[in-house]
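Structure first, then comments.
The values are calculated or read from the model by the stated rules, or taken from the named source; none is laboratory data. Just so we're clear, the structure is a prediction, and the values are computed from it rather than from any experiment. Neighbour counts are summed over all protein chains in view; Cβ atoms, including those assigned to glycine, are modelled from backbone coordinates with ideal geometry. Each accessible area value is taken on the protein alone, full model and side chains, heavy atoms only, with ligands, DNA and RNA left out. Shrake-Rupley method; radii C 1.70, N 1.55, O 1.52, S 1.80 Å.
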Amino acid sequence: MLDVSQLEGGKQVLLVGEGNFSFTISLLMKIADSTKSPISAKLISSCFQKYRNLSNTVKENARFACTLGAEVWFGIDATSLHQHERFKNEKFDFIVFNFPHVGGKMKIHLNRLLLKNFFRAKWNTI
Ligand SMILES: C[S@@+](CC[C@H](N)C(=O)[O-])C[C@H]1O[C@@H](n2cnc3c(N)ncnc32)[C@H](O)[C@@H]1O
């Protein structure tokens, strides 16, 4: 559970596997609301899908998240963060992957693999 008070003091936060960026927006609004001042936390938010494959609603949400202060990336694989130019040399205070899931049903082995590879990649970025 992420408490917004933990993000004070310019903390670096990376969100991966975002779906429609609603969590990103809620978090940014909550930070702004709780501090009553400009957001000091650095929030980078990302989704697995490439921009061209997103619905217009998700694209709009991503744009809104940017106006609220997020840096938004598309097509980010949470299992290879340590190889990505943007993330490989960056250290984060928090890396959040809410409800990680590969999609579909009865793919528990693939979901386990997703988590295993995410934790492995994440280990290099904290
Ligand atoms: C159940 S949805 C949760 C979406 C969002 N995190 C939320 O809490 O609403 C699972 C998400 O995991 C993402 N995902 C699956 N494999 C991924 C991977 N290798 N890297 C990043 N995201 C991945 C999917 O694209 C999907 O958005």
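By accessible area of protein heavy atoms, probe 1.4 Å, what ranking do GLU71, GLU85 get, highest first? Intermediate results must be reported in sequence, preceding the final value.
On the way: GLU71 45, GLU85 135 Å².
Per-residue accessible area, sorted high to low, gives GLU85, GLU71.
Just subtract the alpha-carbon distance of TYR51 and LYS30 from 0.36 nm times their residue separation and send over the number in nm, one decimal. Show your work: numbers first, answer last.
On the way: separation 21, 0.36 × 21 = 7.56 nm, distance 2.59 nm.
That works out to 5.0 nm of additional length.
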Quiz prompt | Stokes-Einstein diffusion coefficient of the range 53-126, Kirkwood radius over Cα pairs, 20 °C, 1.002 mPa s, in µm²/s | solution = 153 µm²/s
Self-check item: the range 22-97-the range 1-20 distance, computed between alpha-carbon centres (Å)
Solution: 9 Å
Quiz item: So for CYS66, CYS47, what's the accessible-area order with a 1.4 Å probe, most first?
Solution: CYS66, CYS47
Quiz prompt | Neighbour cut-off at most 16 other Cβ (10 Å), DSSP loop, trypsin sites (Lys or Arg not before Pro), the range 13-69 | solution = LYS36, LYS50
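Average the reciprocal distances over every distinct pair of alpha-carbons in the chain, invert the result, and give the Kirkwood radius in Å. List each step's numbers first, then the result.
Details: mean 1/r = 0.0662 Å⁻¹.
Its Kirkwood hydrodynamic radius stands at 15.1 Å.
Per residue, how much accessible surface does the chain expose to a 1.4 Å probe? Answer in Å², no decimals.
Here the residues of the chain average 62 Å² of exposed surface.
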Quiz item: Taking the chain as a Gaussian network, where each spring joins two C-alpha atoms under 10 Å apart, which residue of ASN20, ASN61, ASN111 fluctuates the most?
Solution: ASN111
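Can you give the extra length, in nm with one decimal, that the chain gains between ARG120 and VAL4 once fully stretched, where that is 0.36 nm per residue apart less the Cα-Cα distance? Intermediate values should be presented prior to the final figure.
On the way: separation 116, 0.36 × 116 = 41.76 nm, distance 2.58 nm.
Going from the current span to full extension adds 39.2 nm.
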Practice problem: Please give the residues of the range 8-26, grouped as numeric ranges, whose backbone N is less than 15 Å from a label point set 7 Å along the Cα-to-Cβ vector of THR67. | Solution: 25-26
